[in-house]
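Q: Quick one: this structure, given as structure tokens, is what I'll be asking you about.
A short reminder: the numbers here are calculations on the coordinates, not readings from a lab. Since the structure is predicted, the reported quantities are computational estimates derived from the model, not experimental observations. Reconstructed Cβ throughout: ideal geometry from the backbone, glycine too, with neighbour counts over all protein chains shown.
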Amino acid sequence: MTEPTLKLGPPGYKLNPEKLKRAPQSVLPYILGCFHFTQEYEYFDVIQDYLDIPEEPKTLEEISQELDGKFEKLIEQTKRNSYASKLTAERNYENKFNRIFDKFAYAKEHGRFPQPIKWVLATGLSATDGSYLISGGGDGNVVSWSTEFNLKSNSVGYYSIDRDIRFNMTKKPNFVVRFCMDKLLGFKWENK
């Protein structure tokens, strides 16, 4: 036994309020008084952009073609990325070995390998910048330097900044100035 169904005219489409918000006023006369439109409506082509018309479901063939297209794009992108990664690895390998050969050439010419400069930051971390400083002989690998400002023969002392930078003074500052420079700025006073 089948259940009876109630049919009220041909199938139609309802207005979509969100789409209708963007509609120009010229469309308004065609939709007055109706909320359900069929394709037989004489101005259907004017208002069809503002109706809830369901899209036809995709066939299995269309879905399969879209999926194959996505897989092809992913495969091509993976191949490009792999090739770029290979080129980068080869270039890094060549650069690394060129630097090693340069160090050996330097050692062959000078009798020793170049010593890297090691910078120690205020945080206690050290970083090698890749540049080299070679000691001119003397007692091993001891290298020292300092920078002095305001060089005068009559200086009575200097402010020391991180042991390597000195700022010479011709007049000794009083205790308060020396104390503030030490505690606030970290400049240590040393007499000559």
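Q: Give the cross-link partners of Lys96 among the lysines, using a straight C-alpha distance below 23 Å as the criterion and excluding same-chain residues fewer than 8 apart.
A: Lys86, Lys108, Lys118
Q: Here's another thing I want to ask about it. Would you please give the residues with an amide H less than 5 Å from that of Trp189, counting only those at least 5 places away or on a separate chain, with H modeled from the backbone geometry?
A: Excluding prolines and chain starts, which carry no amide H, the hits are Ser160.
Q: Quick one: which residues, 5+ away or cross-chain, put their amide H under 5 Å from the amide H of Asn16? H built at 1.01 Å from N.
A: Amide H neighbours of Asn16: Leu51, Asp52.
Q: Next question. If you take every residue apart from Ile100 with its C-beta less than 14 Å away from the C-beta of Ile100, what net charge results, scoring Lys and Arg +1 and Asp and Glu -1?
A: +2
Q: For Gly157, what residues show an amide H to amide H distance below 5 Å, using hydrogens built from the backbone and excluding near sequence neighbours?
A: Result for Gly157 returns Met169, Lys192.
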